[in-house]
1. Just wondering, is there one or more residues in segment 52-63 that are closer than 25 Å to P115 by Cα and charged (D, E, K, R)?
2. Exactly one of (1) within 21 Å of L121 (Cβ to Cβ); (2) in contact with a His (Cβ under 9 Å, 6 or more places away or on another chain) is unmet by L51. Its number?
3. If I ask for residues that are under 14 Å from the mean Cα position of the chain (by Cα) and modelled with pLDDT of 80 or more, which ones from segment 115-128 would you list?
4. Within the group L19, L54, which residue is modelled with pLDDT of 85 or more and under 11 Å from the mean Cα position of the chain (by Cα)?
5. Quick one: which of E79, E45, E68, E41 is charged (D, E, K, R), farther than 16 Å from L20 by Cα and touching a Phe, Trp or Tyr at 6+ places or on another chain (Cβ under 8 Å)?
Amino acid sequence: MQKSQHILVIANDDTTRNLLEQFFIIRDIKVVAARTFQHAESIIESWGLALFNLAVIDTAAFGVGELEQKSMVCHMLREWSMKYPMLPVFFLGTPCQKRAILKIRADIVQILVKPFDLDTLIDTINDLYPNLRPAGLSLPH
């Protein structure tokens, strides 16, 4: 029997969080959502890291200004790469954040630059993480 798939979504924006939740739920993937980085860490500490196949993180959850977001993302990557080295991370962020993120952890991190449309998000996740869909699921193109 295949292990149930769980995604951790971190997004403070209701629309982004709901969109990501629905995207995974229709693929029969369980979603645990957090509004903040701190909330996400408490979820991981409570539930255990082994439960999660992927973390999808909207960088807006790290603060208001782009410099604050960039700083928090860099800090988070350094912390998480030590605490949770096996957890793949997929960011939604700005071009400036992309450069900073890839300098730190290009080996485990993927980033989609905002703004993007829903089709681009879906295609990117499907391309990067093909195992995140149940066998036999055919997606319309």
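1. Within segment 52-63 (the criterion being closer than 25 Å to P115 by Cα and charged (D, E, K, R)), the answer is yes, since at least one residue qualifies.
2. Among (1) within 21 Å of L121 (Cβ to Cβ); (2) in contact with a His (Cβ under 9 Å, 6 or more places away or on another chain), the lone unmet condition for L51 is (1).
3. Looking only at segment 115-128, we keep the residues that are under 14 Å from the mean Cα position of the chain (by Cα), and these are 121-122, 124-126, 128.
Selection gives L121, I122, T124, I125, N126.
4. Numbers: L19 fails: under 11 Å from the mean Cα position of the chain (by Cα).
The match here is L54.
5. On the way: E79 fails: touching a Phe, Trp or Tyr at 6+ places or on another chain (Cβ under 8 Å); E45 fails: touching a Phe, Trp or Tyr at 6+ places or on another chain (Cβ under 8 Å); E41 fails: touching a Phe, Trp or Tyr at 6+ places or on another chain (Cβ under 8 Å).
Result of the check over E79, E45, E68, E41: E68.
The values are calculated or read from the model by the stated rules, or taken from the named source; none is laboratory data. What you are looking at is a predicted structure, and each value in this text was computed from that prediction instead of being measured. No Cβ is skipped: glycine too gets one built from the backbone with ideal geometry, and neighbour counts run over all protein chains shown.
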